[in-house]
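Structure first, commentary second.
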Amino acid sequence: MPTLLELAYEAVDSKKAEDIVVLNMEGISLIADQFIICHANSERQVQAIAREVADAASKEGYTVKRLEGFDAGRWILVDLLDVVVHVFHRDERGFYNLEKLWGDAQLLNVEEEI
């Protein structure tokens with residue numbers, strides 16, 4: 001069985017999310033152990049990516065604590081407790097720039113581990 005991080009990463013990748021970044025938040029934030037940040041080019045694709053993450057996690061028995069921003073499709077947060085997935089519309093990602101906000105976090109290369 002894949003880890004929650006691997007499962008979420010594979011879910012966003014399977015829906016063609018772009019510029020997928022994984023931040024190790026351990027010791028930096030109490031919110032989650034890892035953040036996955038990615039974007040898509042349309043609201044519909046943003047929603048499809050978030051839906052895939054939530055469905056894949058639920059199917060494997062992981063808790064989906066909340067799904068925020070789904071209706072607007074501009075920035076959807078999928079809270080899986082230990083892993084939080086941020087799916088942005090391309091136009092919103094640069095504005096919020098979470099990678100810079102959490103600049104102390106180490107980048108993880110999940111793709112190599114899968």
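Values in this text are rule-based calculations from the coordinates and carry no lab data. Fair warning: this is a prediction, and the values are worked out from it, not measured in the lab. Here Cβ is always computed from backbone atoms with ideal geometry, including for glycine, and neighbour counts include all displayed protein chains.
Here is how the numbers come out for the structure above:
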quantity: Charge context of ALA105, other residues only, Cβ under 15 angstrom, K/R +1, D/E -1; calculated: -4
quantity: Partners for LYS16 among aspartates and glutamates (Cα-Cα distance below 17 Å; same-chain residues under 8 apart left out); calculated: GLU6, GLU43, GLU52, ASP55, ASP91, GLU111
quantity: Rel. contact order, % - alpha carbon contacts under 8 angstrom, at least six apart, the stretch 4-113; calculated: 31 percent
quantity: 3J(HN,Hα) from dihedral phi, the stretch 24-37, Karplus parametrisation 6.51/-1.76/1.60, rounded to Hz, x for glycine, proline; calculated: 7, 9, 4, x, 10, 9, 8, 5, 7, 7, 9, 10, 10, 10
quantity: Cβ crowding within 10 Å averaged over residues, with 83-89, 98-104 ranked highest first; calculated: 83-89, 98-104
quantity: Rounded if a/c under 1.5, otherwise prolate or oblate - the chain, Cα gyration tensor axes; calculated: rounded
quantity: Which of ILE37, ILE76 has the fewest Cβ neighbours within 10 Å, and the rest in rising order; calculated: ILE37, ILE76
quantity: Most mobile of GLU52, GLU43, GLU92 in a GNM of the chain (Cα contacts under 10 Å); calculated: GLU92
quantity: The stretch 1-34-the stretch 71-114 distance, computed between alpha-carbon centres (Å); calculated: 8 Å
